[in-house]
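Report on the structure given below.
The values are calculated or read from the model by the stated rules, or taken from the named source; none is laboratory data. Keep in mind that this is a model prediction, so the values were computed, not measured. Neighbour counts run over all protein chains shown; Cβ positions are idealised from the backbone, glycine included. When the accessible area is computed, the model is the full protein with side chains, heavy atoms only, and any ligands, DNA or RNA have been set aside. Shrake-Rupley method; radii C 1.70, N 1.55, O 1.52, S 1.80 Å.
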Amino acid sequence: MNIILIGPPGAGKGTQSHFLEEKHGMIQLSTGDMLRTAIKHEEPVGLEAQSLMAAGKLVPDDLMVRMIEARIAKPDCARGFILDGFPRTVPQAEALDKMLVAQGKKLDAVIELKVDEAALIARVSGRFACANCGASYHDTYMPTTKPNVCDACGGKEFTRRPDDNAETMKARLEVFRIQTAPILPYYQAKGLLKVVDGMADMHDVTKAIEAVLNQTPA
Ligand code: AP5
């Protein structure tokens with residue numbers, strides 16, 4: 001199955017993608033992670049994206065479309081993928097439709113995670129990740145089992161995203177409202193949009209997503 005998880009920053013797209021990847025073998029395609037890797041490796045794409053991401057603005061559509069087009073053509077995507085962070089504008093959604101047709105693929109569901117704004121800020125400001133393997137945690141909602149030791153790899157160094165601060169978060173939420181939310185009616189009109197309560201406990205959110213997937217014809 002090929003699905004999109006859509007929601008504002010901190011809605012739980014990455015968290016749920018990881019759970020679905022582990023349980024159902026689908027591939028997570030996170031454009032945010034791809035861009036952060038490109039920045040880390042000082043690739044041209046990363047250099048172009050860095051200041052925009054730090055300001056909470058979107059990276060140009062053509063660059064993102066090329067990145068996803070190349071990624072979904074890879075053989076591992078044949079077992080199903082989860083788009084996390086793409087599309088983020090109506091032109092990106094239209095480009096996705098075209099590339100799926102060209103590659104003989106289809107979209108099965110678009111799942112919107114709905115979360116209150118106050119909860120989003122709390123989630124983003126408490127998020128941190130293992131510097132070694134990238135496993136994601138939260139100070140309150142998902143701490144490491146042993147203090148300051150990564151559950152996944154035993155790493156002892158952690159990082160926080162430079163865009164996870166109150167000022168940039170305001171800009172990211174505004175961008176979501178103005179540029180990304182208009183894709184919800186786009187998918188509603190195609191009969192693909194399903195809404196899940198993202199305020200629930202993260203494991204209950206996974207169950208709600210799985211219920212949607214179970215009701216979706218393959
Ligand atoms: P991106 O990396 O995609 O960031 P985002 O959309 O802002 O989303 P986040 O990663 O912040 O949140 P999430 O929904 O994944 O939440 P998470 O699961 O981590 O994009 C970053 C930037 O890249 C953009 O601003 C833009 O500049 C650029 N970009 C990326 N894609 C682009 C595109 N297509 N076009 C143009 N530009 C693009 O959860 C957050 C925290 O909450 C975690 O700590 C987690 O443990 C906790 N949590 C999760 N679920 C729950 C729950 N149910 N209860 C309690 N806590 C929870």
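Considering the range 118-159, the residues that are over 16 Å from Thr15 (Cβ atoms) and among the basic types (Lys, Arg) include one that is surrounded by the fewest Cβ atoms within 10 Å (Cβ to Cβ), namely Lys146.
Applying the selection to the range 78-105, what residues are in a loop (DSSP other than H, G, I, E, B) and touching a Ser or Thr at 6+ places or on another chain (Cβ under 6 Å)? Gly85, Phe86, Arg88, listed by residue number. The condition (being under 20 Å from the mean Cα position of the chain (by Cα) and polar (S, T, N, Q)) is satisfied by just one residue among Thr145, Thr159, Thr216: Thr159.
Does the range 45-66 contain at least one residue that is under 26 Å from Lys106 (Cβ atoms), away from the ligand (no atom under 11 Å from the Cβ) and without any contact (Cβ under 8 Å) to a residue 60 or more places away in the chain? Checking the range 45-66: at least one residue is under 26 Å from Lys106 (Cβ atoms), away from the ligand (no atom under 11 Å from the Cβ) and without any contact (Cβ under 8 Å) to a residue 60 or more places away in the chain. Scanning the range 67-89 for residues that are among the β-branched types (Val, Ile, Thr) and within 12 Å of the ligand (Cβ to nearest atom), we see that the one that is farthest from Leu193 (Cα to Cα) is Ile68. Among the residues of the range 106-133, those identified as in a helix (DSSP H, G or I), within 12 Å of the ligand (Cβ to nearest atom) and more than 15 Å from the chain's Cα centre (by Cα) are Ala119, Ile121, Ala122, Ser125.
Out of Leu20, Leu29, one residue alone is farther than 23 Å from Leu173 by Cα and in contact (Cβ under 8 Å) with a residue 24 or more places away in the chain. It is Leu20.
Scanning the range 134-154 for residues being within 16 Å of the ligand (Cβ to nearest atom) and either aliphatic (A, V, I, L, M) or not in a loop (DSSP other than H, G, I, E, B) (or both) gives a total of 6. Scanning the range 191-218 for residues that are exposed (fewer than 12 other Cβ atoms within 10 Å of the Cβ), part of a loop (DSSP other than H, G, I, E, B) and away from the ligand (no atom under 13 Å from the Cβ) returns Gly191, Pro217, Ala218.
Conditions (1) among the charged types (D, E, K, R); (2) free of Cβ contacts under 8 Å to residues at least 40 places away in the same chain; (3) touching a helix residue (DSSP H, G or I) at 6+ places or on another chain (Cβ under 6 Å), marked per residue:
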position	(1), (2), (3)
Arg71	yes, no, no
Gly80	no, no, no
Leu96	no, yes, no
Val124	no, no, yes
Tyr141	no, no, no
Asn148	no, yes, no
Ala152	no, yes, no
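The set of residues in the range 1-34 that are over 20 Å from Met64 (Cα atoms), near the ligand (Cβ under 6 Å from one of its atoms) and open to solvent by 20 Å² or more (accessible area, probe 1.4 Å) contains only Thr15.
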